[in-house]
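The values are calculated or read from the model by the stated rules, or taken from the named source; none is laboratory data. Just so it is clear, the model here is predicted, and its values are computed rather than measured. In this analysis, Cβ positions are derived from the backbone assuming ideal geometry, glycine residues included, and neighbour counts consider all displayed protein chains. Just so you know, the surface numbers come from the protein's heavy atoms only, side chains and all, with ligands and any DNA or RNA stripped out. Shrake-Rupley method; radii C 1.70, N 1.55, O 1.52, S 1.80 Å.
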Amino acid sequence: MNALVVARKEFDDARRSRLLWVLIAFVSALVAATMGVPLLVPMLGGDPLQGLGAASEFAAILVPIVALVAAYLALAGERESGSLRLLLGLEPNRRTVVAGKFLGRAAVVAVGVVAGFLVAGVVGWVLYGGLPLAPFLGVTALTAVLGVAFVGIAVGISAATASRSRAMTVGITAYLGLTLLWDLVPQGLHLVVVGAPPGESMPAWFVFLQGLSPSGAYSALVMETIHATNADYPGIAATVSPPAPVYVQPWVFAALLVVWTVVPLVVGTALFTRADLN
């Protein structure tokens with residue numbers, strides 16, 4: 001049994017989760033609603049790109065919840081129930097199981113996120129009478145990548161923990177630390193170092209610290225994607241006090257998303273391969 005066989009089973013199991021699809025529908029509805037916000041603020045001029053940016057900021061908070069719910073019990077739940085020993089008895093080694101569970105859960109989240117954004121895109125098209133296709137597709141793809149990154153984090157957590165309660169506790173802590181609370185660190189350091197809150201032009205180290213989290217890296221890449229299709233919107237470099245150093249280039253934030261996907265999986269797999277499942 002290879003990883004793809006395990007992935008297909010995981011995909012089938014995960015897509016039957018009513019809670020997961022309710023969450024995806026909830027995210028779709030809120031992202032679609034957020035996309036229409038510029039129409040409610042006259043000074044924004046009803047710009048669909050601003051609506052897309054607002055929707056992405058909302059997605060940066062909500063999509064990690066979907067990913068964590070989809071994957072935090074991938075291994076810990078079966079390990080606690082004892083069904084994991086049955087799966088391992090069918091041939092696959094532990095690394096294959098972790099890889100297969102990641103691939104299956106990541107596919108479910110990516111499909112769900114893309115479907116949700118397509119629904120939101122239809123709503124945006126109706127509201128604005130059109131929607132710039134290239135930035136919309138770019139932001140949709142980036143949001144799916146963000147979901148996959150948090151699946152990697154969740155599966156890594158699940159592989160490293162022995163019970164549902166521990167996986168849930170660590171998962172909630174990871175969500176709070178990487179999404180809701182992360183910005184407090186660079187904001188606090190900026191206040192201490194500069195003596196004032198961040199303004200329109202920020203130190204490069206501040207932008208880099210913001211982008212160290214998966215959600216922060218995603219937001220930076222969304223900004224760059226919209227800028228690439230419309231120069232009137234600032235890219236990453238425009239927010240940094242010149243000259244912009246290499247560590248705030250878009251490829252750095254793309255690499256950070258890959259790191260957040262892979263490293264938790266590697267650490268979780270290493271702990272899982274040495275764990276006593278009896």
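At-a-glance table
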{"quantity": "Cβ pairs under 7 Å, 6+ apart, first in segment 175-200 and farther than 27 Å from Leu62 by Cβ, second modelled with pLDDT under 85", "calculated": "Leu191/Pro197"}
{"quantity": "Failed condition for Leu52, given (1) within 26 Å of Trp125 (Cβ to Cβ); (2) among the hydrophobic types (A, V, I, L, M, F, W, C); (3) modelled with pLDDT under 80", "calculated": "(3)"}
{"quantity": "Residues (surrounded by 14 or more Cβ atoms within 10 Å (Cβ to Cβ) and among the aliphatic types (A, V, I, L, M)) located in segment 185-216", "calculated": "Val185, Leu189, Met202, Ala204, Val207, Leu209, Leu212"}
{"quantity": "Selected residue (criterion: farthest from Val145 (Cα to Cα)) from residues of segment 267-278 that are in a loop (DSSP other than H, G, I, E, B) and open to solvent by 60 Å² or more (accessible area, probe 1.4 Å)", "calculated": "Asn278"}
{"quantity": "Residue in segment 228-240 that is touching a helix residue (DSSP H, G or I) at 6+ places or on another chain (Cβ under 9 Å) and within 29 Å of Ala99 (Cβ to Cβ) present", "calculated": "no"}
{"quantity": "Lone unmet requirement of (1) over 28 Å from Pro198 (Cα atoms); (2) buried (at least 20 other Cβ atoms within 10 Å of the Cβ); (3) polar (S, T, N, Q) for Thr179", "calculated": "(1)"}
{"quantity": "Criterion violated by Ala238 - all others in (1) more than 16 Å from the chain's Cα centre (by Cα); (2) open to solvent by less than 80 Å² (accessible area, probe 1.4 Å); (3) farther than 30 Å from Glu200 by Cα; (4) not charged (D, E, K, R) satisfied", "calculated": "(3)"}
{"quantity": "Every residue from segment 118-164 that is β-branched (Val, Ile, Thr), farther than 20 Å from Ile24 by Cβ and buried (at least 20 other Cβ atoms within 10 Å of the Cβ)", "calculated": "Ile157, Thr161"}
{"quantity": "Matching residues in segment 241-262 - criterion: being under 13 Å from Gly156 (Cα atoms), in contact (Cβ under 8 Å) with a residue 12 or more places away in the chain and open to solvent by 60 Å² or more (accessible area, probe 1.4 Å)", "calculated": "Trp260, Val262"}
{"quantity": "Criterion violated by Ser219 - all others in (1) open to solvent by less than 70 Å² (accessible area, probe 1.4 Å); (2) under 21 Å from Phe102 (Cα atoms); (3) at pLDDT 90 or above; (4) among the hydroxyl-bearing types (Ser, Thr, Tyr) satisfied", "calculated": "(2)"}
{"quantity": "Answer from Pro264, Pro250 - the residue that is modelled with pLDDT of 90 or more, touching an Asp or Glu at 6+ places or on another chain (Cβ under 6 Å) and either closer than 15 Å to Gln210 by Cβ or not basic (Lys, Arg) (or both)", "calculated": "Pro250"}
